[in-house]
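Taking it in order: structure first as structure tokens, then the write-up.
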Protein chains: 2
Amino acid sequence: MASRQVQLKTPKGTRDWFGSDCVLRDHIFETISGVFKRHGAVPLDTPVFELKDVLTGKYGEDSRLIYDLQDQGGEACSLRFDLTVPFARWLAMNKVTQVKRYQIARVYRRDQPAIARGRLREFHQIDFDIAGEYDTMIPDSEILRIIVEVFKALELDITIKMNHRKILDGIFTVAGVPGDKIRTISSAVDKLDKSPWADVKKEMTEEKGLPEEVADKIGEYVKEKGSVREILDFLKSDSSLVEDQNIRAGIEDIELLLVYVEAFNISSSISFDLSLARGLDYYTSLIFEVLHTPQQTEVPGLPKGGKDQATQVGSIGAGGRYDNLVGIFGKKPIPCVGISFGADRIYTILKAQKEREAAAPTQEIDVYVMAFGAGKEFTGLLPERLQVCGQLWDAGIRASFSAKAKPKLPQQFKAAEGVPLAVILGQDELADGKLKIKVLGLPDGHPEKEGVLIEKTDLVEEVRKRLQR
Amino acid sequence: MASRQVQLKTPKGTRDWFGSDCVLRDHIFETISGVFKRHGAVPLDTPVFELKDVLTGKYGEDSRLIYDLQDQGGEACSLRFDLTVPFARWLAMNKVTQVKRYQIARVYRRDQPAIARGRLREFHQIDFDIAGEYDTMIPDSEILRIIVEVFKALELDITIKMNHRKILDGIFTVAGVPGDKIRTISSAVDKLDKSPWADVKKEMTEEKGLPEEVADKIGEYVKEKGSVREILDFLKSDSSLVEDQNIRAGIEDIELLLVYVEAFNISSSISFDLSLARGLDYYTSLIFEVLHTPQQTEVPGLPKGGKDQATQVGSIGAGGRYDNLVGIFGKKPIPCVGISFGADRIYTILKAQKEREAAAPTQEIDVYVMAFGAGKEFTGLLPERLQVCGQLWDAGIRASFSAKAKPKLPQQFKAAEGVPLAVILGQDELADGKLKIKVLGLPDGHPEKEGVLIEKTDLVEEVRKRLQR
């Protein structure tokens, strides 16, 4: 092992997670997977890399962002780009016909990172999908219900933006977009949440060759948004739209969906937004996106929020129905609908909230076990401290001690800062079978301020009693 | 998205984890991290790949097993090979002086896989390390204590094989091995747990040019094993060994360690074994390995076990002290000692145990919500079922329903197999504000065999009451 100077950093777009950051992130994972389990979901975990062919041709333009492994003899492999394609591969491989599965894992994209906004090259996705044949729009509504439950559990106000691919494609047809340009025009509309209409129109006309009046007609339609009922009424009131077969099919779906989301008591969280397009090619009908829309009027450091205004992080979840993806792998198609939560963006929001609150001390230990004594006679009582720690650990109590043979008392008290309880060992007390127990940080005058002497045999009981206070 | 036939498999040496396999694996993770937290450990999570330079020159011969990422413009990166080197990189990068950290994550080795024995190319490690300056052998003893606590929590009988690098190196010197051959002879001895002495001796003499009498002398020493006290006495009784400075230093360490492991009440789990060498270069003093040594006399499908006989999976944990690794990255060395648990091998053992026990039905749902009715008048009561499910989910109860608009009753009962409770909705009962609740699988003659009618407003309470039974 020769000593050589290496760059001390993590690779571009990646980060370490330590201590309270890790704990907050895992809290998000546990809260969300708790909701999934309530709905009968089963966990799946797939390898971090897949055969390269499995990913090929699934992500359109974004495929250039895939990380490949080096050819070291053997199979060509790539790091997973999302959790949806591995899920589809698993469904096809295991001939599964119906499943509710969830997966929490990291995915990899060679994109330009923006770490402060929670956009990294290695990031976490939390996916829930329902695969299989069911009656129309029932699984779709359950996914929307799950979104609402997840953010209720995380105590974040959200709005679900929703649209239907068939309605959007129908609008393009009615506006006069030729069939072979529908997907590329859809990609342009997808940019409306980041770019102003003028830029999107320019892309449609100058870059993609659409006549100006067609672009303007699209512009009129896609500015419409409101409650599911309102937009359904708007669509049905426009006779040129209702003539389109795709739009009629979409309206029929959404009418059904409305009944179900009302039964689920979540319709007030949904905004039907005709501008929502979603980039990925594989969606076939319902599509949706989750925006953080805080209700508080004043939050220092965040822009004033309203039902219609997302915070800077962008969407914190997105999904839709993809009925044809699994069929690409196997012979039998399996219709699917699912949601992917953006764990790192949710983390960024919760972390900012936490930092505004008073910082609670991170307390990793319940009891600090100390030795009392000094001078030549003082042995340090190390074996005795180890024995007491062992007793506490056996009882499931979090305990620590100074890893010094003869520690000084002030150093031990310093190490115990933030710990609720000290157990203090003294040579003479031990000879009588006794220990001192001391609640740290008690006010002056409290009867236990100086600690209490207890029987060594009562240790666990006396510690438990004081930890429960 | 053109349809093309791809190979439906995961890459060589990798696997999917689904359902109960995933649950058992996560149970291992949670049990072990629970022990770590009891000792005040803090979680760390590092990226799945590191800069290639960070890994270079740390693993000796095994470096050829490292996975590299393809050069797609940018930094040269490799998948992590273990969790120890990323931890050392993190310590140096963040100038941490003292920490107890744990990490549970996947690591990658392009080795020959043996999936049935839990050896894969993508596998899990569970690491706990104590970094920083402490008094001699105190953190080392705590690591040994943690090993015992971990396997007590997992209910597996184990033996910790332990040795000291300085004692082993001293034995080689006393036997007559030249200084520059010590590491390569140590590698040969490391194979003694898999190969017979004759093969190892052949490697030493024929391949590595050791005189036969030197090899024989080594053979005599490394066959010694026993309790810590016994082997200490053996070493001290041999005057030629005690003359060696390394051996004297090692004996001093182990004398201290014995006091601490006795205080921790774990000395009976430790076997001091002079043949233990450990492959990795970076260990500097104490080294250890954990073997599964079941106490039961008869376990079908497993060899008869004894304190000294490991099951086929090999070691299920290993570690030691490495005081020089962090210094390679930064200017300041930080002494460390740690243990890495082989999660996949532990999984293999627990899974085999579970399969011998009666298979418990996997129950993912508490309540199945059904509609009762048939014929033309029957609406399917779908919105009503959704509303009831919503109520149960709001109360944190796991619930499901048939995603059919008009499901048949027998199909619904079939879907509810293994679920403890059914809530059954009927048109007439609902009109009266009532629901039927039915504990499934009750014996004939039970007063609730046919279910009981309850007020809809009491639903959650009545369900909870029956789930608690």
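The values are calculated or read from the model by the stated rules, or taken from the named source; none is laboratory data. Remember, predicted model here, so these are calculated numbers, not experimental data. Don't worry about glycine lacking a Cβ; one is built from the backbone with ideal geometry, like all the others, and counts go over all protein chains shown.
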Open item on the list: If I ask for residues that are free of Cβ contacts under 8 Å to residues at least 24 places away in the same chain and assigned to a helix (DSSP H, G or I), which ones from region B:175-194 would you list?
Closed with: B:179, B:180, B:182, B:188, B:191
TODO: Under 6 Å between Cβ atoms, at least 6 apart or on separate chains: pull out the pairs that start in region B:136-151 with a residue that is without any contact (Cβ under 8 Å) to a residue 24 or more places away in the chain and end on any residue that is buried (at least 24 other Cβ atoms within 10 Å of the Cβ).
DONE: none
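Could you tell me whether residue A:5 is at negative phi, facing another protein chain (nearest Cβ under 7 Å) and surrounded by fewer than 19 Cβ atoms within 10 Å (Cβ to Cβ)? Please lay out each step first, then the result.
Working: at negative phi: yes; facing another protein chain (nearest Cβ under 7 Å): no; surrounded by fewer than 19 Cβ atoms within 10 Å (Cβ to Cβ): yes.
For residue A:5, the condition - at negative phi, facing another protein chain (nearest Cβ under 7 Å) and surrounded by fewer than 19 Cβ atoms within 10 Å (Cβ to Cβ) - is not met.
Does at least one position in region A:382-390 carry a residue that is surrounded by 12 or more Cβ atoms within 10 Å (Cβ to Cβ) and part of a loop (DSSP other than H, G, I, E, B)?
For region A:382-390, residues surrounded by 12 or more Cβ atoms within 10 Å (Cβ to Cβ) and part of a loop (DSSP other than H, G, I, E, B): absent.
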- [ ] Test each condition in (1) without any contact (Cβ under 8 Å) to a residue 12 or more places away in the chain; (2) buried (at least 19 other Cβ atoms within 10 Å of the Cβ) for residue B:252 and report the one that comes out false.
- [x] (2)
TODO: For residue B:422, indicate whether it is at pLDDT below 90, crowded, with 17+ Cβ neighbours inside 10 Å and either in contact with a helix residue (DSSP H, G or I) (Cβ under 6 Å, 6 or more places away or on another chain) or hydrophobic (A, V, I, L, M, F, W, C) (or both).
DONE: no
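Taking region B:391-428, which residues are of a type outside the set (A, V, I, L, M), in a strand (DSSP E or B) and more than 9 Å from chain A (Cβ to nearest Cβ)?
B:426
Determine whether region A:321-335 contains at least one residue that is in the same structural domain as residue A:194 (by TED's automatic domain parsing), of a type in the set (Lys, Arg) and assigned to a helix (DSSP H, G or I).
The answer is no, given that none of the residues of region A:321-335 is in the same structural domain as residue A:194 (by TED's automatic domain parsing), of a type in the set (Lys, Arg) and assigned to a helix (DSSP H, G or I).
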Task: So residue A:68, is it facing chain B (nearest Cβ under 9 Å) and closer than 17 Å to residue B:17 by Cβ - done: no
Task: Condition broken by residue A:114, with the remaining ones in (1) farther than 29 Å from residue A:138 by Cα; (2) buried (at least 22 other Cβ atoms within 10 Å of the Cβ); (3) of a type in the set (Gly, Ala, Ser) satisfied - done: (2)
- [ ] Have a look at A:395, A:431 and point out the one that is hydrophobic (A, V, I, L, M, F, W, C), out of contact with any strand residue (DSSP E or B) (no Cβ under 9 Å at 6 or more places or on another chain) and free of Cβ contacts under 8 Å to residues at least 40 places away in the same chain.
- [x] A:431
Task: Selected residue (only one of A:256, A:276 is out of contact with any helix residue (DSSP H, G or I) (no Cβ under 7 Å at 6 or more places or on another chain), outside any strand (DSSP E or B), more than 14 Å from chain B (Cβ to nearest Cβ) and not small (Gly, Ala, Ser)) - done: A:276
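Can you tell me how many residues within region B:122-135 are small (Gly, Ala, Ser) and either without any contact (Cβ under 8 Å) to a residue 40 or more places away in the chain or assigned to a loop (DSSP other than H, G, I, E, B) (or both)? Quick ask: steps written out before the conclusion?
The initial filter retains those residues of region B:122-135 that are small (Gly, Ala, Ser), namely B:131-132.
Next cut, either without any contact (Cβ under 8 Å) to a residue 40 or more places away in the chain or assigned to a loop (DSSP other than H, G, I, E, B) (or both) only: B:132.
Residues meeting the conditions: 1.
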Open item on the list: Within region B:369-380, does at least one residue satisfy the condition of being at the interface with chain A (Cβ under 10 Å from one of its Cβ atoms) and not aromatic (Phe, Trp, Tyr)?
Closed with: yes
Task: Hey, residue B:172 among the aromatic types (Phe, Trp, Tyr), buried (at least 18 other Cβ atoms within 10 Å of the Cβ) and part of a helix (DSSP H, G or I) or not - done: yes
Open item on the list: Which condition from (1) charged (D, E, K, R); (2) outside any loop (DSSP other than H, G, I, E, B); (3) closer than 30 Å to residue B:258 by Cβ is the one that residue A:465 breaks?
Closed with: (3)
TODO: Taking the residues in region B:122-138 that are among the aliphatic types (A, V, I, L, M) and within 9 Å of chain A (Cβ to nearest Cβ) as candidates, determine which candidate is surrounded by the fewest Cβ atoms within 10 Å (Cβ to Cβ).
DONE: B:138
Open item on the list: Out of the residues in region B:103-121 meeting the condition of being in contact (Cβ under 8 Å) with a residue 40 or more places away in the chain and in a strand (DSSP E or B), tell me which one is farthest from the other protein chains (Cβ to nearest Cβ).
Closed with: B:119
Task: Selected residue (criterion: modelled with the highest pLDDT) from residues of region B:195-210 that are part of a loop (DSSP other than H, G, I, E, B) and farther than 16 Å from residue B:181 by Cβ - done: B:196
TODO: Collect the residues in region A:29-65 that are part of a helix (DSSP H, G or I), among the hydroxyl-bearing types (Ser, Thr, Tyr) and facing chain B (nearest Cβ under 9 Å), keeping them in residue-number order.
DONE: none
TODO: Read through the list (1) touching a residue at least 12 places away in the same chain (Cβ under 8 Å); (2) within 33 Å of the chain's Cα centre (by Cα), then give the number of the only condition that residue A:199 fails.
DONE: (1)
TODO: Scan region B:312-324 and report the pairs whose first residue is more than 14 Å from chain A (Cβ to nearest Cβ) and whose second residue is modelled with pLDDT under 95 and part of a loop (DSSP other than H, G, I, E, B), with Cβ atoms within less than 7 Å and a gap of 6+ or a chain change.
DONE: B:313/B:118; B:318/B:278; B:320/B:278; B:320/B:283
Open item on the list: Residues that are aliphatic (A, V, I, L, M), assigned by TED's automatic domain parsing to the domain that holds residue A:277, farther than 30 Å from residue A:259 by Cα and touching a residue at least 12 places away in the same chain (Cβ under 8 Å): does region A:215-231 have at least one?
Closed with: yes
Task: Some residue of region A:71-84 being over 29 Å from residue B:394 (Cβ atoms), aromatic (Phe, Trp, Tyr), at the interface with chain B (Cβ under 9 Å from one of its Cβ atoms) and buried (at least 21 other Cβ atoms within 10 Å of the Cβ) - done: no
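Condition (residue is under 38 Å from the mean Cα position of the chain (by Cα), on the phi > 0 side of the Ramachandran plot and at pLDDT below 90) applied to region A:445-466: is it met by at least one residue?
no
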